[in-house]
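Everything below concerns the one structure shown next.
The values are calculated or read from the model by the stated rules, or taken from the named source; none is laboratory data. Because the structure is predicted, anything quoted here is derived from the model rather than measured. Please note: Cβ atoms are built from the backbone with ideal geometry, for glycine as well, and neighbour counts cover all protein chains shown.
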Amino acid sequence: MRNYGTKVVAGVTPGKGGTEIEGIPVYDNVADAVKEHNIEASIVFVPGKFAADAVYEALDSGINLVVVITEHIPVLDTMRFVKYAKNKGARIIGPNCPGIMVPEQISLGIMPPRAFKKGKIGIASRSGTLTYEVANDLKHIGQSTVIGVGGDPIIGTDLVDAALAFEEDPETEKIVVIGEIGGTSEERLASLVKRGKIKKKIVAYIAGLTAPREKRMGHAGAVVYMGMGSFQSKVTAFKEADISVAQTPFDIKKLL
């Protein structure tokens with residue numbers, strides 16, 4: 001992240017306070033780090049069992065953007081810290097996500113920088129690898145901001161939140177949404193577009209056409225129950241809202 005230009009000012013690992021890694025000071029807790037540095041965002045790589053504590057620490061220290069890369073966080077833990085963040089007016093990205101990329105400016109996460117170039121397309125994706133596969137395919141156009149929202153059943157910023165942020169963003173002209181089976185964020189996004197809340201052009205791709213029903217596929221959130229969250233329900237909702245749906249990830253650039 002630092003090599004890309006992100007200003008990484010501090011690390012936090014309990015018991016390692018007072019040490020340094022490549023010139024970056026390490027603290028025992030976030031409160032100590034915030035006393036010494038002006039910190040605008042926190043990124044969490046803490047293992048699932050302890051990740052919630054790291055998120056609460058960041059939020060209680062007044063950090064308003066927390067990117068949670070960790071997967072396998074218990075769902076109840078996530079529900080609690082997502083609600084806590086909303087009550088504080090803070091934004092969580094993830095968990096179980098590749099992070100955020102603002103091409104040629106900042107990387108908060110684990111996305112490969114070579115896939116990105118500065119431009120006007122906003123990308124919001126539930127899939128990790130598809131995020132940078134699609135970004136790389138759109139490199140000739142370029143991206144404003146790329147958000148990997150995460151693949152868990154409960155996440156802090158979903159496709160709807162991301163699309164609303166892109167609608168307000170003067171740097172973004174068009175929006176690419178990469179969805180997948182499970183959950184209802186794609187259907188809710190389609191409903192907002194139909195109601196005129198999002199006016200920028202959206203091109204969508206849904207992963208999971210051949211996934212069997214009632215079976216967990218890769219992501220914890222990619223499960224279809226009782227007809228909700230199926231591939232077909234998402235595609236139908238998008239088409240009814242006049243959102244272009246790509247057959248494969250590589251058709252997105254033609255539709256844009």
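Identify all residues within the stretch 156-181 that are at pLDDT 95 or above, more than 17 Å from residue 93 (Cα to Cα) and among the acidic types (Asp, Glu); write none if there are none. Within the stretch 156-181, 167, 168, 169, 171, 173 meet the criteria. Taking the stretch 210-222 on its own, how many of its residues are over 23 Å from residue 97 (Cβ atoms) and modelled with pLDDT of 65 or more? So the count comes out to 3.
Applying the criterion of being touching an Asp or Glu at 6+ places or on another chain (Cβ under 8 Å) and of a type in the set (Lys, Arg) to the residues of the stretch 116-155, the residue that is surrounded by the fewest Cβ atoms within 10 Å (Cβ to Cβ) is 118. Residues of the stretch 105-114 include at least one that is in a helix (DSSP H, G or I) and surrounded by fewer than 24 Cβ atoms within 10 Å (Cβ to Cβ).
Restricting attention to strands (runs of 3 or more DSSP E) lying wholly within the stretch 1-77, give those where 2 or more residues are modelled with pLDDT of 95 or more and over 20 Å from the mean Cα position of the chain (by Cα). Break it down into steps so the answer makes sense when it comes.
Details: elements: 24-27, 42-44, 65-68.
Passing ranges, in order: 24-27.
Residue pairs whose Cβ atoms lie under 7 Å apart, sitting 6 or more positions apart in sequence or on different chains, and linking a residue in the stretch 234-256 that is surrounded by 13 or more Cβ atoms within 10 Å (Cβ to Cβ) to a partner that is part of a strand (DSSP E or B) and basic (Lys, Arg), are 256/174.
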